[in-house]
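Working notes, beginning with the structure itself.
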């Protein structure tokens, strides 16, 4: 799926997922990135920086976001504070950015009704015995971060229901790929490159639904261009789960490789697997990169 000749705003476009989306869109569209990083620090955008307008600023700046959304066809909202651990230390700061910033953006679309794709997270589900997880599952976040994403979703849906802002919500599961930091795959690969022991939190039996960043980009574009997606929420994942131990075995088949095991991280869930049937049926979304292929791509 491609988009051409559109004016597009990507908030958080200098981040991991945002930069991949910008790369995909900027060759054939007029793309503006809003990010709080200085432009000379936005290394993720080195492939597309000459093709875009880069605005350094915050999503809570109401006048700025109102000016930026006014002439846009699509708004992809990815800017957020994303650390589970960080949200436990600074829930107020996370709320101001993730909830307050989202509210400022969607409110700017109230009268001009621009297509608004909000990038949420599987963290809104929390710990659940339901597997695979459907979009209708009860939301009970187990972290401050997850709670801020849940509240931001409510803001978006309220503006859709009351003011007819064309909002679509994508709940991303465990995204991985080039340029990522912090994810267990990225951390393992960094340690392997340095020859350092791997660090696994818990016993490694916890499972995740890993989805390659290229599949996420495709889902974003499908969501923005499909009128049937308006007012809806979709899981974006591979629809398959894999344990952390399995990821380690794929990355370092050598059984003698040193592995340190730490405590479980506060707020982390034990198991995660998405039901992606709704995204398949409504968006035509189909994951194309499996975990083995995705790790091979990362390994170069």
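The values are calculated or read from the model by the stated rules, or taken from the named source; none is laboratory data. These numbers come from a predicted model, not from an experiment. Here the Cβ positions follow ideal geometry from the backbone for every residue, glycine too, while neighbour counts run over all protein chains shown.
Some values worked out for this structure:
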item	result
Filtered residue count, the range 121-138, keeping only those that are surrounded by 18 or more Cβ atoms within 10 Å (Cβ to Cβ) and under 22 Å from residue 89 (Cα atoms)	6
Residues located in the range 281-292, provided they are farther than 14 Å from residue 240 by Cα and either without any contact (Cβ under 8 Å) to a residue 12 or more places away in the chain or more than 18 Å from the chain's Cα centre (by Cα) (or both)	281, 282, 284
Any hit, the range 63-82, residues being crowded, with 17+ Cβ neighbours inside 10 Å, at pLDDT below 95 and either more than 23 Å from residue 166 (Cα to Cα) or in contact with a helix residue (DSSP H, G or I) (Cβ under 7 Å, 6 or more places away or on another chain) (or both)	yes
Test: residue 183 is closer than 19 Å to residue 211 by Cα, in contact with a strand residue (DSSP E or B) (Cβ under 8 Å, 6 or more places away or on another chain) and either free of Cβ contacts under 8 Å to residues at least 40 places away in the same chain or surrounded by 24 or more Cβ atoms within 10 Å (Cβ to Cβ) (or both)	yes
Which numbered condition residue 128 misses (of (1) at pLDDT 95 or above; (2) assigned to a loop (DSSP other than H, G, I, E, B))	(1)
Test: residue 22 is in a helix (DSSP H, G or I), touching a strand residue (DSSP E or B) at 6+ places or on another chain (Cβ under 8 Å) and either more than 23 Å from residue 232 (Cα to Cα) or at pLDDT 95 or above (or both)	yes
Leading residue by the ranking (farthest from residue 7 (Cα to Cα)) among those in the range 44-59 that are part of a helix (DSSP H, G or I) and out of contact with any helix residue (DSSP H, G or I) (no Cβ under 8 Å at 6 or more places or on another chain)	50
Qualifying residue in the range 28-43 (condition: in a helix (DSSP H, G or I) and touching a helix residue (DSSP H, G or I) at 6+ places or on another chain (Cβ under 6 Å))	no
Some residue of the range 249-259 being in contact (Cβ under 8 Å) with a residue 40 or more places away in the chain, part of a strand (DSSP E or B), buried (at least 22 other Cβ atoms within 10 Å of the Cβ) and touching a strand residue (DSSP E or B) at 6+ places or on another chain (Cβ under 8 Å)	no
